[in-house]
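Only the coordinates and a few stated rules stand behind these numbers; no lab work does. Nothing here was measured: the structure is a model prediction, and the numbers come from that model. Quick reminder, even Gly has a Cβ in these numbers, built from the backbone with ideal geometry, and neighbours come from all protein chains shown.
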Amino acid sequence: MMKSIPAFLTVTLAILLSLFAPLQAQTGETPLKPGDQVKITISGVPAADQTSMALPPYIVSNDGTIRLQHMKSEIRAAGLTPTALARNIESSYKVAKIYTNPAINVSRNETSTSVQMVSVTGNVRQGGSVLFRPGLRIIEAIAEKGGPDDFANMKKVRLVRGQKTQEMDLSNVSQTPERNLLLQPGDLIVVPNGGFFKK
């Protein structure tokens, strides 16, 4: 004969479930995702920084990050609510000793739709996502992420589109402009490592 679960265990379980409830249920905010646009304002810093920080449309990249002024590395945004992202930005600025006591406010741009992105990875100087726009080509996307690094093999650049992968030689694209293909939203560009001896 099965015994009923003690009342104190039921209460304990309820408490644990409440502690691990999703952020949305706790704050009423929906976590951010790649493609979301957010507005970021800052106070408690020099007036010039307050103005400049409010200007860009901050877009969560395909890898779930955003890039902020004065920060050397990108900030994780995807999976965080706007409030949690604000606290994360404040902490990052303090740890980096850029601002002493910044007050950050983050709000989702509800009037915008998710933007379309192209991803660039591999041996490029920055890596990450590029905002898609009509007419964007492979070389331009790579250039927007700082261009190929010193070990990049531009002779074997891969373009991944859905389930298809195309390899191309972009080492002398000025002589072969037909290889500088037009991109589509969601494309992935992979610049491989050629090592010391590129073939």
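Observations
- For the range 117-191, share of DSSP beta bridges that run antiparallel, in % to the nearest 5: 80 percent
- Sites listed here are chymotrypsin sites (Phe, Trp or Tyr not before Pro) in the range 107-199 whose DSSP assignment is loop and whose Cβ has at most 12 other Cβ atoms within 10 Å: PHE196, PHE197.
- Which listed pairs, of LYS33/LYS94; LYS94/LYS145; LYS39/LYS72; LYS72/LYS97, have C-alpha distances above 22 Å, in listed order: LYS33/LYS94; LYS94/LYS145
- Inter-label distance, VAL160 to GLN50: 4.5 nm, where each label sits 7 Å from its Cα along the C-beta direction.
- Whole-Hz Karplus values for the range 144-157 come out as 5, 9, x, x, x, 7, 5, 10, 5, 10, 6, 7, 9, 6 Hz, taken residue by residue from phi with 6.51 cos²θ - 1.76 cosθ + 1.60 and θ = phi - 60°; glycine and proline positions read x.
- FRET efficiency for LYS33 and VAL95, using Cβ-Cβ distance with R0 set to 22 Å, rounded to 0.05: 0.30
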